[in-house]
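The values are calculated or read from the model by the stated rules, or taken from the named source; none is laboratory data. Please read these numbers as outputs of a predicted model, since none were measured by experiment. As a convention, Cβ positions derive from the backbone with ideal geometry for all residues, glycine included, and neighbour counts pool all protein chains shown.
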């Protein structure tokens with residue numbers, strides 16, 4: 001009796017945590033869908049086949065690297081270059097994973113390792129914000145539910161793969177989708193998430209350095225190196241000004 | 001259909017991307033972090049996000065830069081959905097005005 005009751009209870013909270021994650025991710029899902037459509041439309045123009053773009057979005061599931069890959073999709077295919085660029089663009093996941101680790105390491109490894117496949121920028125940002133929010137309430141080791149994490153991360157998967165598929169089919173009909181003002185949706189959402197991450201003025205110096213270095217890097221260097229340059233100069237700044245002791 | 005080179009390229013992308021997602025977690029798990037390392041990790045997510053969106057502030061299209069400033073002001077004061085709606089509509093209007 002009791003066990004059954006507890007199972008129903010924990011099932012319920014699993015569901016409600018998952019749905020809360022989905023709910024918190026919804027504005028970003030709306031922001032991401034147009035990007036998926038643009039990716040599909042561009043893939044079509046770049047002579048990437050429908051099966052190629054679908055496999056790519058389904059197995060790789062990291063937008064920035066997919067935009068880069070289809071730019072390089074010429075015959076003969078520069079396989080190693082595409083893989084290297086994919087790694088460089090997605091290397092920000094290393095830092096994202098490291099940052100969220102204190103909040104998920106209480107979870108069993110066999111569950112968290114497959115779940116991490118779905119950690120993209122948006123779902124991670126939503127989860128990280130939730131972790132910070134809960135950190136003030138519970139003990140820091142137990143403050144991110146796997147169900148919330150999956151609720152915040154997983155919905156991007158069908159939306160991304162589906163939007164790219166749709167974009168590939170309808171792309172030729174739409175013309176230039178960026179003319180509708182959606183180009184700003186992505187940074188606007190990230191700005192709101194950023195505000196949620198503001199904990200103390202300790203972040204100010206590293207963030208400003210990241211902004212300056214990334215902007216200059218974007219203007220001066222070709223490709224996506226500005227992301228790495230901006231991130232690492234911010235991290236180095238944080239290291240220099242960081243507390244030596246508690 | 002799909003060529004074996006294309007399949008290999010996509011599989012290679014998939015493997016390195018999944019590795020980037022796993023490694024941050026696997027390397028830091030079960031470590032006790034120094035306060036300095038903690039303060040670096042705390043501001044790291046913001047550094048990544050700022051670096052990803054920085055190009056919008058220095059875009060060669062003035063309408064993007066203006067919309068970005070509007071979005072920044074909204075984000076400081078409003079929640080997610082109003083920020084998103086105001087930003088997208090602003091850019092739509094500004095683009096109409098510029099063209």
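Of all the residues in the range A:200-238, those that are touching a residue at least 60 places away in the same chain (Cβ under 8 Å) and more than 7 Å from every other protein chain (Cβ to nearest Cβ) number 4.
Close Cβ contacts (under 8 Å, 6 or more residues apart or on different chains) running from residues in the range A:73-93 that are touching a residue at least 24 places away in the same chain (Cβ under 8 Å) to residues that are surrounded by fewer than 16 Cβ atoms within 10 Å (Cβ to Cβ) and not in a helix (DSSP H, G or I) comprise A:73/A:46; A:73/A:47; A:85/A:72; A:85/A:223.
Sub-6 Å Cβ pairs linking a first residue in the range A:116-135 that is in the same structural domain as residue A:23 (by TED's automatic domain parsing) to a second residue that is outside any helix (DSSP H, G or I) and at pLDDT below 90, at least 6 apart or interchain, are A:131/A:143; A:131/A:144; A:134/A:143; A:135/A:143, ordered by first then second residue.
Counting only helices (runs of 4 or more DSSP H) that sit completely within the range A:42-106, those holding 3 or more residues that are closer than 16 Å to residue B:7 by Cα and in the same structural domain as residue A:136 (by TED's automatic domain parsing) correspond to A:50-59, A:63-71, A:79-90.
Considering the range B:60-69 alone, what residues qualify as being closer than 18 Å to residue B:99 by Cβ and either modelled with pLDDT of 95 or more or part of a helix (DSSP H, G or I) (or both)?
Result: B:62, B:63, B:64, B:65, B:66, B:67.
Surrounded by 22 or more Cβ atoms within 10 Å (Cβ to Cβ), within 12 Å of another protein chain (Cβ to nearest Cβ), modelled with pLDDT under 90 and assigned to a helix (DSSP H, G or I), is that true of residue A:31? Yes; evaluated as a whole, the condition is true for this residue. Within the range A:199-246, the residues that satisfy the criterion of being over 18 Å from residue A:91 (Cα atoms), assigned to a helix (DSSP H, G or I) and modelled with pLDDT under 85 are A:201, A:202, A:203. Residues that are under 22 Å from residue A:60 (Cβ atoms) and either modelled with pLDDT under 85 or buried (at least 16 other Cβ atoms within 10 Å of the Cβ) (or both): does the range A:131-142 have at least one? Within the range A:131-142, not a single residue is under 22 Å from residue A:60 (Cβ atoms) and either modelled with pLDDT under 85 or buried (at least 16 other Cβ atoms within 10 Å of the Cβ) (or both). Kindly evaluate residue B:35 against the criterion of being at the interface with chain A (Cβ under 7 Å from one of its Cβ atoms), at pLDDT 80 or above and closer than 23 Å to residue A:237 by Cα. When the stated conditions are applied, residue B:35 passes them.
A count restricted to the range B:24-57 and to residues that are in a loop (DSSP other than H, G, I, E, B) and either on the phi > 0 side of the Ramachandran plot or crowded, with 16+ Cβ neighbours inside 10 Å (or both) stands at 1. Residues considered: B:17, B:5. Of these, the only one that is within 29 Å of residue A:86 (Cβ to Cβ), over 21 Å from the mean Cα position of the chain (by Cα) and facing chain A (nearest Cβ under 7 Å) is B:5.
Residues being surrounded by 13 or more Cβ atoms within 10 Å (Cβ to Cβ) and more than 8 Å from chain B (Cβ to nearest Cβ): count how many of those fall in the range A:72-81.
Of all residues in the range A:72-81, those surrounded by 13 or more Cβ atoms within 10 Å (Cβ to Cβ) come to A:72-73, A:77-79, A:81.
Then drop every residue that is not more than 8 Å from chain B (Cβ to nearest Cβ), which leaves A:72-73, A:78, A:81.
Summing the residues that are surrounded by 13 or more Cβ atoms within 10 Å (Cβ to Cβ) and more than 8 Å from chain B (Cβ to nearest Cβ) in the range A:72-81 gives 4.
For the range B:80-90, which residues satisfy the criterion of being more than 7 Å from every other protein chain (Cβ to nearest Cβ) and free of Cβ contacts under 8 Å to residues at least 12 places away in the same chain? Listed by number, the residues that qualify are B:82, B:85.
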